[in-house]
Amino acid sequence: MECIRLIDDRMVVEFRWENVFAYLGYRNVIASALMTRLFVRAFAELAPETPPDRDELSMLVAFPGSGIIEAVELITRLPTRHPDRFIVDTAAGPERAPAAPEGRFYFEVGLGTVRNAFVFSPTVLDDAFRSMVMQYEGRRLAEDDDHAYRRFKMGKVREILDCPDSDLFAACDVEVPLN
C-alpha cells in the first residue's frame with residue numbers, strides 16, 4: 001500500500017494506513033482504510049509529480065462521520081488551519097454514491113483551483129455493510145457478537161486496502177473550485 005505524502009512547511013509528511021488507524025482508533029478502523037485510500041488516490045491525481053502542499057488543499061465531505069472528519073484533520077489539517085476551505089454538505093454528490101448514516105460516501109479534494117470528486121463503490125459499501133454498522137456500531141455487544149463484528153470490520157478493511165482503485169471508487173473532474 002502506498003503512503004499518503006504531502007508537504008507541510010516545506011517538509012514532506014507521510015502517513016501509512018497504520019498511522020491513520022492508530023490516530024482514529026479501532027472504532028473507526030473502516031474509516032481509516034477508506035480515507036487512506038482516498039488521499040493516496042486524490043493526491044496522485046492532483047499532484048502526480050510532487051506531493052501536494054497542505055496549505056493549498058480544500059475539501060468537501062458528504063459524510064461527516066467522526067472517523068472521516070478526524071482523518072481529514074490528521075492528513076490535511078483543514079478543519080483547524082483552513083476551515084473556510086473545508087465544507088461538510090450531506091446533500092452533495094450523485095445519487096449513485098453509497099448512502100451513509102448521514103449523507104453519502106462522496107468526497108471532493110481540491111488542490112489550488114483544481115478539484116476532483118470521488119464516489120466510493122456501492123459494491124464495497126453495500127447494504128450488508130450498512131446493515132452491520134447500523135446493527136452493531138457504538139453498542140455494547142455480547143462477546144460472540146463483538147468478535148463477529150470485529151472480524152467483519154477487519155475483513156472490510158482488508159477488502160478496502162486490497163481493492164484495485166477501479167473497483168473501489170470512481171473519480172470525475174469538478175469544474176467549480178472550492179472557496
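The values are calculated or read from the model by the stated rules, or taken from the named source; none is laboratory data. Remember, predicted model here, so these are calculated numbers, not experimental data. Glycine gets a Cβ as well: all are built from the backbone with ideal geometry, and neighbour counts include every protein chain shown.
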Scanning region 55-80 for residues that are over 19 Å from Leu24 (Cβ atoms) and charged (D, E, K, R) gives Asp55, Glu56
Note on region 53-87: residues within 20 Å of Gly112 (Cβ to Cβ), outside any helix (DSSP H, G or I) and of a type outside the set (A, V, I, L, M) are Asp53, Ser58, Arg77, His82, Phe86
Take the conditions of a type in the set (A, V, I, L, M) and outside any strand (DSSP E or B) and apply them to Val133. Does it pass?
yes
Glu14 vs (1) touching a strand residue (DSSP E or B) at 6+ places or on another chain (Cβ under 7 Å); (2) of a type in the set (Asp, Glu); (3) touching a residue at least 40 places away in the same chain (Cβ under 8 Å); (4) farther than 30 Å from Ser131 by Cβ: all pass except (3)
For this session: State yes or no: is Glu18 assigned to a helix (DSSP H, G or I) and modelled with pLDDT under 95?
Result: no
Residue count, region 57-83, condition more than 17 Å from Leu111 (Cα to Cα) and among the hydroxyl-bearing types (Ser, Thr, Tyr), comes to 2
Among Thr36, Thr50, Thr90, the single one that is under 23 Å from Phe129 (Cβ atoms), polar (S, T, N, Q), at pLDDT 95 or above and in a loop (DSSP other than H, G, I, E, B) is Thr90
